[in-house]
Structure formats: C-alpha cells, structure tokens
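Presented below is the structure to which this report refers.
The values are calculated or read from the model by the stated rules, or taken from the named source; none is laboratory data. Because the structure is a prediction, the values reported are computed rather than measured. Note: ideal-geometry Cβ built from the backbone for every residue, glycine included; neighbour counts use all protein chains shown.
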Amino acid sequence: MANTNALKEIEQYVRNWCSNKYGTRFEDYEKEVRLVTGGIHRFDVVAKDGSIIAGIKTSALRENGRVGAGVIKSTFTELYFLSLVKADKRLMVLTDKEYCAYFQKISNGKVADGIEIIYCSLPKEVEGNISIVHNNCRKEIGKR
C-alpha cells in the first residue's frame, strides 16, 4: 500500500497558511466536529475558536487533464460534511491549481451557500512529495 505520510505534512502546512491568511489560530491536528444532524466528522483544519472549518484535498489532474471519479466524489463528500457544520467560514482547500480550477468549474451551482472553494499553493518540495504519493496510488489501482 502506498505510503501517504507526506499528506500529513500538507495538512500542517495548510493550517499554518490558513492561520496567516485569516489571522486566527488553528488546532495542530484533525478535529472531530459535531454536525447539525447530530453526527460527528473529523475535519483537517479547525480554528481553535471554531470560527473556521476546512477540508483539504491534495488531488491533482492526471497528465491527460482528466481526473478519476473517486477524486471528484471524495471532494463532494467533504463539501457535504462542510454543509453540515456551523462556522463563520467553511472552506474547501485544494492544493493543486489545475484541479482547483477544474473542480470550481464542474461544481458551479452544486455547492451549499457559505462554502468557499479556495486554492493553497504549496512549496515545490512538498508538491514533489505529493506527486510521488499520487503516482504510487495510481499504480496500485492500475492507472498508469
């Protein structure tokens, strides 16, 4: 199974980025948040005061400019859970510029009010680590 530990590094990077961007402190770990439906979901980025809650997706377009159905469904699933929390800001943070543009286009009119889909640029070395993880994962599922 592909080693996805590099993706945890990205979560902390995005938390720090959000802290600088929004001027608030964030938990240093994923945090369970109570949903308006009574359930619980673990979010990647949660402000210490609960004012901002975000999910992170590191997915990228393939070399052919396409993306797998599972990637799209995973992003929509996270958007669904974001629609079930109360927070001043609810964010879907995408770390791949091309995927962000693609997803914003295909999700137009399909995202609950009050949720922003935003792009967070990653340092080149971190992007390289993600590429390795993505390539290893694709090989495992036969997408060469």
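Tabulated values for the structure
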read-out	value
Of residues in the range 1-34 being of a type in the set (Gly, Ala, Ser) and out of contact with any strand residue (DSSP E or B) (no Cβ under 9 Å at 6 or more places or on another chain), the one modelled with the lowest pLDDT	2
Any chance residue 74 is surrounded by 15 or more Cβ atoms within 10 Å (Cβ to Cβ), polar (S, T, N, Q), in contact (Cβ under 8 Å) with a residue 12 or more places away in the chain and not in a strand (DSSP E or B)	no
Residues (aromatic (Phe, Trp, Tyr) and more than 22 Å from residue 24 (Cβ to Cβ)) located in the range 69-101	76, 80, 99
Which numbered condition residue 87 fails, given (1) at pLDDT 95 or above; (2) surrounded by fewer than 18 Cβ atoms within 10 Å (Cβ to Cβ); (3) part of a loop (DSSP other than H, G, I, E, B)	(2)
Filter result for residue 32 (over 18 Å from residue 17 (Cα atoms), out of contact with any Leu (no Cβ under 9 Å at 6 or more places or on another chain) and without any contact (Cβ under 8 Å) to a residue 24 or more places away in the chain)	yes
Residues within the range 35-65 that are modelled with pLDDT of 95 or more, assigned to a loop (DSSP other than H, G, I, E, B) and not charged (D, E, K, R), tallied	7
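Per-residue answers, yes or no, for (1) over 16 Å from residue 117 (Cα atoms); (2) basic (Lys, Arg):
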residue: 22; (1), (2): no, no
residue: 40; (1), (2): yes, no
residue: 48; (1), (2): yes, yes
residue: 51; (1), (2): yes, no
residue: 68; (1), (2): yes, no
residue: 81; (1), (2): no, no
residue: 87; (1), (2): no, no
residue: 102; (1), (2): no, no
